[in-house]
Amino acid sequence: MYTEEGLLEQIRELMSDEELFKMYERTFREYHHYFDVTNSIALNVYNFNDHGPVHVLLTTRRALELVRIIEKFGMQTTAEKLGKPLRWSKFIVAFGALFHDIGNMIHRINHYMFSVFLAEPIIEKLVSEFGTDDPALLKALTLNAIYTHDEAVPCTTIEGSLVTIADGCDMEAGRSRLVHRKDKVDIHAVSALAVEKVEIREGDEEQPILIEIWMKHPAGIFQVDEILTKKVKSSLLSGKVRLRIHTGTDEEVVEKVV
């Protein structure tokens, strides 16, 4: 369904910053083995779903889609509130999304802490290359976005919130964020295959972010409630996100603000 090259091209368009994109693409390829090892452990040790290259690219793409939407509606990012350019926010969400899950190589529990530990020297080099008179702040905000992507950790920045929500959107068929045994049929297994498509769209002034979800079975709502809703509520954008869910039952559409 998704390919690395296709997602990279979409990321390039959303960034609208060729220098930043080249840095991102080079880093993705340089640390591809990190994403491969993370995925191998997630799939074969934890019995999870995809946590590899496609997941981090898809999370990056969606986080950048969210950046574009909140900017259109006049919402400032945390970097902007601190007097920094939007380019900072693109750096933060891009590299925050890219490295948010690598801590799974060490352990699933507290993986977000291990992700920060592993990513810190990489982010240090990238910040230096990016060029800024405030490198410590850019590094801190990027590591913050990695650390807060898990719903167990409340977000403290808009950029971290965008990475968190983008991560939660990766729940299309076979890409569930929930653990389930492949040899057992239960609500976890059924819901993991129920969601067919997730799209991030522009909402309105009250809820600028609209996330539209199509599913072939209402069991997919379990995915939405257990993953995406919890992530939105752990973000600073709770109340600014509307979910439009096509349940797959007689064209029923459920809308709710989270």
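Ordering Thr229, Gly131, Val241 by Cα displacement along the dipole of the chain toward the positive end leaves Thr229 in first place; charges were set at the Cβ atoms of Lys, Arg (+1) and Asp, Glu (-1).
For Lys256, the lysines whose Cα falls under 30 Å of its own Cα, not counting residues fewer than eight places away in the same chain, are Lys72, Lys81, Lys90, Lys197, Lys216, Lys230, Lys231, Lys233, Lys240. Hey, what angle do you get for helix 18-30 against the long axis of the chain, alpha-carbon based, 0 to 90 degrees rounded to 10? Helix 18-30 sits roughly 70 degrees off the main axis of the chain. Dipole size of the chain about its Cα centre, with +1 on Lys/Arg Cβ and -1 on Asp/Glu Cβ: approximately 460 debye, rounded to the nearest 20. From the list (1) 56, 44, 32; (2) 51, 38, 31; (3) 65, 48, 38, can you say which value of Cα extents along the principal axes in Å was derived from the structure given? Computing Cα extents along the principal axes in Å and matching it to (1) 56, 44, 32; (2) 51, 38, 31; (3) 65, 48, 38 gives (1). Straight-distance candidates among the aspartates and glutamates for linking to Lys22, with alpha-carbon spacing under 13 Å and chain neighbours fewer than 8 residues away dropped: Glu9, Glu13, Glu30, Glu129.
Would you mind calculating the gained length between Glu25 and Glu251 on full extension (0.36 nm times residue separation, minus the Cα-Cα distance), in nm to one decimal? Write down the numbers at each step before the final one.
Numbers: separation 226, 0.36 × 226 = 81.36 nm, distance 4.04 nm.
So the extension gain works out to 77.3 nm.
All C-alpha to C-alpha distances of region 29-143, sorted into 10 Å bins beginning at zero, yield P(r) values of 14, 41, 32, 12, 1 percent in whole numbers. Farthest towards the positive end of the charge dipole of the chain, among the residues Phe21, Ile146, Leu8, is the Cα of Ile146, using unit charges on the Cβ of Lys, Arg, Asp and Glu. Seen against the Cα atoms of the chain and their longest principal axis, helix 53-72 is set at about 80 degrees.
Accessible area per residue, 1.4 Å probe, Å², for region 9-146: what's the number?
Values: 5570 Å² over 138 residues.
Heavy-atom accessible area per residue stands at 40 Å².
Protection proxy ranking for 20-33, 82-95, using the average of other Cβ atoms within 10 Å per residue and placing the highest first: 82-95, 20-33. Per atom type, the chain shows carbon and sulfur on 53% of its accessible surface, probed at 1.4 Å.
The values are calculated or read from the model by the stated rules, or taken from the named source; none is laboratory data. A quick note: this is a predicted structure, and the numbers were derived from the prediction, not measured. Reconstructed Cβ throughout: ideal geometry from the backbone, glycine too, with neighbour counts over all protein chains shown. All accessible areas refer to the heavy atoms of the entire protein, side chains included, with ligands and DNA or RNA removed. Shrake-Rupley method; radii C 1.70, N 1.55, O 1.52, S 1.80 Å.
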